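Remarks on the structure that follows.
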Amino acid sequence: MFEDRAVPATIKLKHASKAPAKADGKRILVDRLWPRGKSREFLELDAWVRDVAPSTELRQWFGHDPAKWTEFRTRYFAELKKNPALASLRELTAKRTVTFVFAAADTEHNNAVALREYLIR
């Protein structure tokens, strides 16, 4: 089914430990939990949209286990499909460059990667 929605110009991903850059565009923290040891000043966020992060139950089940990645994405996408917070995130990402900031150590298997995939589909 076709959804009428604004498509993001570019969604970049950046670990919370990496310094902000002008090229990041709008910086959006997409984790449910605040990155340990990082100050608001260091992160230079434009928004924290924690409600688009996976539910606590899903996050704990996944535990950043790459063997669960495919099933995690399926479950997370199902959560996103019913998530009213997605509308505010789409507004923030519409027709502009944004960077999703995340704290997971695994840079290939985390909710920011999955969220980006979901939005650009």
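The values are calculated or read from the model by the stated rules, or taken from the named source; none is laboratory data. Keep in mind it's a predicted model, so treat the numbers as computed, not measured. Virtual Cβ from ideal backbone geometry, glycine too; neighbours counted across all protein chains shown.
A few comments on the model shown:
- Unmet criterion (only one of (1) assigned to a helix (DSSP H, G or I); (2) of a type in the set (D, E, K, R); (3) surrounded by fewer than 17 Cβ atoms within 10 Å (Cβ to Cβ); (4) out of contact with any Lys or Arg (no Cβ under 8 Å at 6 or more places or on another chain)) for residue 73: (3)
- Unique residue being under 12 Å from the mean Cα position of the chain (by Cα) and on the phi < 0 side of the Ramachandran plot when the list is 62, 100, 72, 42: 100
- Criterion (within 15 Å of the chain's Cα centre (by Cα), surrounded by 14 or more Cβ atoms within 10 Å (Cβ to Cβ) and modelled with pLDDT under 95) met by exactly one of 13, 80, 92: 92
- The C-beta contact set for the stretch 35-58 (first residue without any contact (Cβ under 8 Å) to a residue 24 or more places away in the chain, second residue surrounded by 13 or more Cβ atoms within 10 Å (Cβ to Cβ) and of a type in the set (Asp, Glu), distance under 8 angstrom, 6+ apart or interchain) comprises 50/31; 58/79.
- None of 106, 31 is of a type outside the set (A, V, I, L, M, F, W, C), touching a His at 6+ places or on another chain (Cβ under 6 Å), part of a loop (DSSP other than H, G, I, E, B) and touching a residue at least 12 places away in the same chain (Cβ under 8 Å) except 106.
- Flag if residue 98 is modelled with pLDDT of 95 or more, outside any helix (DSSP H, G or I) and β-branched (Val, Ile, Thr): yes
- Residue tally, condition aliphatic (A, V, I, L, M) and surrounded by 16 or more Cβ atoms within 10 Å (Cβ to Cβ), over the stretch 17-46: 5
- Here residue 119 passes the criteria (1) in contact (Cβ under 8 Å) with a residue 40 or more places away in the chain; (2) assigned to a helix (DSSP H, G or I); (3) surrounded by fewer than 18 Cβ atoms within 10 Å (Cβ to Cβ) except the one numbered (3).
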